[in-house]
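Participant: The structure under discussion is supplied below as structure tokens; questions concerning it will follow.
The values are calculated or read from the model by the stated rules, or taken from the named source; none is laboratory data. Everything numeric here is computed off the predicted structure, so don't read it as measured data. Glycine also receives a Cβ, built like all others from the backbone with ideal geometry; neighbour counts cover every protein chain displayed. Quick note on the areas: whole protein, heavy atoms, side chains included, nothing else; ligands and nucleic acids left out. Shrake-Rupley method; radii C 1.70, N 1.55, O 1.52, S 1.80 Å.
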Amino acid sequence: MADVIALRRELHRHPELGYTEFRTAARVIELLRSWGYDVRFGAEAMDPTARQRVPAAEVMDASFARAQEAGVDAALLDAMRGGLTAVVATRRGGDGPTVGFRFDMDALPVDESPEAGHLPVREGFTSAVPGVMHACGHDGHTAIGLALAERLAAEPLPGTVKLFFQPAEEGGAGARAMAARGVADDVDRIFCMHLGCDLPLGMIATSGVGFLAVRGIEARFVGAPAHAAAAPEKGRHALVAAASALLNVQAMPRFSTGMTRVNVGVLEGGTATNVIPHRARMLLEMRAETLAEVDELDARVRRILEGAAAMQDVAVEIEATGSMPSLTNDDAAMRLVRDEAEASGMFSEVRDTHLVGASEDAGYLMERVQRRGGDATYMIMGTTITAPHHHFAFDIDEEALPSAVTLLERVGRRALAGS
Ligand SMILES: [Zn+2]
Ligand SMILES: [Zn+2]
């Protein structure tokens with residue numbers, strides 16, 4: 001059996017940013033194939049048009065070149081060209097349900113700590129890529145997913161297992177790109193997880209909560225410049241339009257249906273006191289508990305932006321800058337995790353909820369399953385961390401890895417048996 005800690009260290013040594021996980025995905029594909037999975041990747045595993053924040057060509061090319069130098073199979077790389085780094089593995093068994101597990105593979109633009117006290121330094125597996133680091137634990141997630149795949153391949157299954165290895169969780173909406181391709185549309189139950197999130201080693205939460213859906217907007221107001229004293233009436237004041245839009249966006253009512261947030265975080269424009277400003281730029285974000293509420297906020301914000309622009313006879317271009325869905329955990333899936341966590345005897349404490357308070361794109365895959373009447377949960381596996389997530393000195397306690405694999409195997413077998 002693959003050593004989950006050794007796998008994690010190997011992945012940690014070669015971190016790749018969202019949509020550049022060429023080497024990681026190739027390793028995942030090769031291992032899954034060797035265990036007999038039907039493996040889909042590239043355009044078969046994701047819809048490239050549903051991605052967001054795809055990295056610049058030079059970032060993508062550098063990672064692609066590193067994978068080539070590392071000897072990654074040319075046919076695999078070719079299928080992933082342009083950042084198509086999602087992987088879906090299926091193993092069919094009996095007529096039982098289809099059970100999915102989702103793991104993210106991307107790293108962050110963080111320079112890893114060289115301090116001697118940092119375990120990857122002590123054990124010699126620090127990032128080999130300057131400026132890129134697995135600082136969120138996704139190396140651990142991928143390793144857990146692979147070890148789980150091998151365990152589930154060891155004997156016949158009563159149902160079908162589908163493993164989703166997703167790119168670009170950190171702001172890239174990799175899960176949305178996979179969901180848009182329909183890869184989760186035959187899944188009856190999906191389990192997602194994160195290591196850490198301030199839950200210490202030995203503990204587990206059957207659901208992470210506090211994720212708000214978020215959407216960003218960039219608005220560019222375009223008016224006409226003019227001399228502020230000689231001919232102000234010939235100008236069209238983009239900054240007045242933007243300023244009045246800001247006040248009205250901030251003045252929107254809160255919703256009675258759930259928590260909402262809105263914030264104009266950037267407003268800039270103009271060049272000099274004696275020039276009517278003809279350009280202004282605004283960045284804002286909206287958050288809410290459900291996607292429907294975000295859609296409603298979005299529609300209201302757009303009306304305000306267009307109305308404020310119309311008042312000043314100014315044009316406005318509106319662009320979505322990225323989003324994350326909210327996330328709903330189902331009782332039945334949570335109960336199954338609780339039962340297996342308790343029965344395993346591996347955990348000192350099993351909680352039903354743990355407040356995470358970040359954003360997470362797994363909700364895109366979960367929602368696709370839930371929409372068809374299936375259920376889902378996003379669990380938090382405790383591991384004592386050495387620094388906050390995304391910090392250069394972040395590390396997990398690797399002791400959490402083998403127990404996570406064992407728990408997910410138990411959860412998978414029970415879900416596949418239809419209970
Ligand atoms: Zn993160
Ligand atoms: Zn993360």
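Participant: Taking every alpha carbon pair in the stretch 150-230, what does the distance histogram look like in 10 angstrom bins from 0, in percent?
Facilitator: 10, 27, 30, 13, 7, 7, 4, 2, 0
Participant: Enumerate the amide H contacts of L108 below 5 Å, restricted to partners 5 or more residues apart or on another chain; note that Pro and chain-start residues carry no placed amide H.
Facilitator: The list, which skips near neighbours in sequence, is M133, H134, A135.
Participant: So what's the convex hull volume per residue for the Cα atoms of the stretch 351-414, in Å³?
Facilitator: Values: hull volume 7.9 nm³, N = 64.
Hull volume over Cα atoms, normalised by residue count, gives 123 Å³.
Participant: Enter the angle in degrees (range 0 to 90, nearest 10) between the Cα long axis of helix 291-311 and the first principal axis of the Cα atoms of the chain, meaning the one along which they spread out most.
Facilitator: 20 degrees
Participant: Counting only heavy atoms of the protein chains, get the accessible area per residue of the stretch 1-51 (1.4 Å probe) and round it to a whole Å² value. Walk me through the numbers on the way to the answer.
Facilitator: Details: 2010 Å² over 51 residues.
It amounts to 39 Å² per residue over the stretch 1-51.
Participant: Report, in deg cm²/dmol and to the nearest 500, the calculated mean residue ellipticity at 222 nm for the chain, where each DSSP H run with n ≥ 4 adds -39500 (n - 2.57) and the sum is divided by the residue count. Don't skip to the end; give the middle numbers.
Facilitator: Details: 12 runs with 143 residues, N = 419.
Using -39500 (n - 2.57) per qualifying helix, the result is -10500 deg cm²/dmol.
Participant: Same structure, new question: What list of ³J(HN,Hα) couplings, whole Hz, do you get for the stretch 318-327 from phi and the Karplus terms 6.51, -1.76, 1.60, once you set θ to phi - 60° and write x for glycine and proline?
Facilitator: Taking θ as phi minus 60°, the curve returns 10, 9, 6, 10, x, 8, 9, x, 7, 8 Hz for the stretch 318-327.
Participant: Rounded to the nearest 10 Å², what accessible area does R371 show when all protein chains are kept and the probe is 1.4 Å?
Facilitator: Counting only protein heavy atoms, the figure is 150 Å².
Participant: Turning to a different aspect of this structure: Report, in degrees rounded to the nearest 10, the 0 to 90 angle that the Cα long axis of helix 22-34 makes with the longest principal axis of the chain.
Facilitator: For 22-34 against the chain, the angle is about 30 degrees.
Participant: Still on this structure, please answer the following. How about the stretch 374-419: which GluC sites (Glu not before Pro) there lie in a loop by DSSP and see at most 15 other Cβ atoms within 10 Å? Can you show the working numbers first?
Facilitator: Numbers: sites: E398, E399, E409; in loops: E398, E399.
Of the GluC sites (Glu not before Pro), the ones in loops of the stretch 374-419 whose Cβ has at most 15 other Cβ atoms within 10 Å are E399.
Participant: If you take the charge dipole of the chain about its Cα centre, with +1 on Lys and Arg Cβ and -1 on Asp and Glu Cβ, which of T90, V405, A230 is farthest toward its positive end?
Facilitator: So the residue furthest toward the plus end is A230.
Participant: OK, next. From the backbone phi of the stretch 365-375, what are the Karplus-calculated ³J(HN,Hα) couplings (6.51 cos²θ - 1.76 cosθ + 1.60, θ = phi - 60°) in whole Hz, Gly and Pro given as x?
Facilitator: So the Karplus estimates, Gly and Pro as x, are 6, 4, 5, 5, 6, 5, 4, 9, x, x, 10 Hz.
Participant: Roll a 1.4 Å probe over the protein chains and send me the accessible area per residue for the stretch 268-419 in Å². Don't skip to the end; give the middle numbers.
Facilitator: Values: 6780 Å² over 152 residues.
Per-residue value: 45 Å².
Participant: Count neighbours as other Cβ atoms within 10 Å of each site's Cβ, and list the GluC sites (Glu not before Pro) in the stretch 36-128 that are DSSP loop with at most 13 such neighbours. Provide the component values of the computation, followed by the final result.
Facilitator: Details: sites: E44, E58, E69, E112, E115, E123; in loops: E112, E115, E123.
Taking the stretch 36-128 and a limit of 13 other Cβ atoms within 10 Å, the loop GluC sites (Glu not before Pro) found are E115, E123.
Participant: Using +1 on the beta carbon of Lys and Arg, -1 on that of Asp and Glu, and nothing else charged, what's the dipole of the stretch 200-357 about the Cα centre, debye to 20?
Facilitator: Its charge dipole is roughly 780 debye.
Participant: When the accessible area of the stretch 287-387 is computed with all protein chains present and a 1.4 Å probe, what percentage of it is carbon and sulfur? Walk me through the numbers on the way to the answer.
Facilitator: Details: 2040 of 4520 Å².
C and S atoms contribute 45 percent here.
Participant: I would also like to ask the following. Assigning unit charges at the beta carbon (Lys, Arg +1; Asp, Glu -1) and nothing else, what dipole magnitude in debye, to the nearest 20, does the stretch 234-311 show about its Cα centre?
Facilitator: On the way: 10 positive and 8 negative charges, 81 e Å.
Result for the stretch 234-311 is approximately 380 debye, rounded to the nearest 20.
Participant: I've got another one for you. Quick one: plug the Kirkwood hydrodynamic radius of the stretch 63-110 (C-alpha pairs) into Stokes-Einstein at 20 °C, 1.002 mPa s, and report D in µm²/s.
Facilitator: Working: Rh = 13.8 Å.
In µm²/s, the coefficient rounds to 156.
Participant: Amide H to amide H, which residues 5 or more places from A417 or on other chains are under 5 Å from it, using H placed in the peptide plane?
Facilitator: Under 5 Å from the amide H of A417 lies no amide H from a residue far enough along the sequence or on another chain.
Participant: Compute the angle between helix 4-13 and the longest alpha-carbon principal axis of the chain, please, reported from 0 to 90 degrees and rounded to the nearest 10.
Facilitator: On a 0 to 90 degree scale, this one is about 40.
Participant: Given a 1.4 angstrom probe, I'd like the percentage of the accessible area of the stretch 79-174 that is carbon and sulfur, rounded to a whole number. Could the numbers behind the result be given before it?
Facilitator: Numbers: 1320 of 2760 Å².
Answer for the stretch 79-174 is 48 percent, counting heavy atoms of protein chains only.
Participant: In whole Hz and in residue order, list the ³J(HN,Hα) couplings for the stretch 207-215 that follow from phi through the Karplus curve 6.51 cos²θ - 1.76 cosθ + 1.60, θ = phi - 60°; x for Gly and Pro.
Facilitator: For the stretch 207-215, the Karplus-derived couplings read 8, x, 10, x, 7, 9, 5, 9, 9 Hz, x marking Gly and Pro.
Participant: Restricted to Cα positions, what overall size does the stretch 261-419 have along the principal axes? Three whole-Å values, descending.
Facilitator: 73, 41, 19
Participant: Which three semi-axes in whole Å describe the equivalent ellipsoid of the chain, each the square root of 5 times a Cα gyration tensor eigenvalue, listed largest first? Mind showing how you got there, number by number?
Facilitator: On the way: eigenvalues 358, 120, 83 Å².
They are 42, 24, 20 Å, listed largest first.
Participant: If contacts are Cα pairs under 8 angstrom and at least 6 residues apart, what is the relative contact order of the stretch 146-290 in percent?
Facilitator: On the way: 180 pairs, mean separation 34.6, N = 145.
Reported as a whole number, the value is 24 percent.
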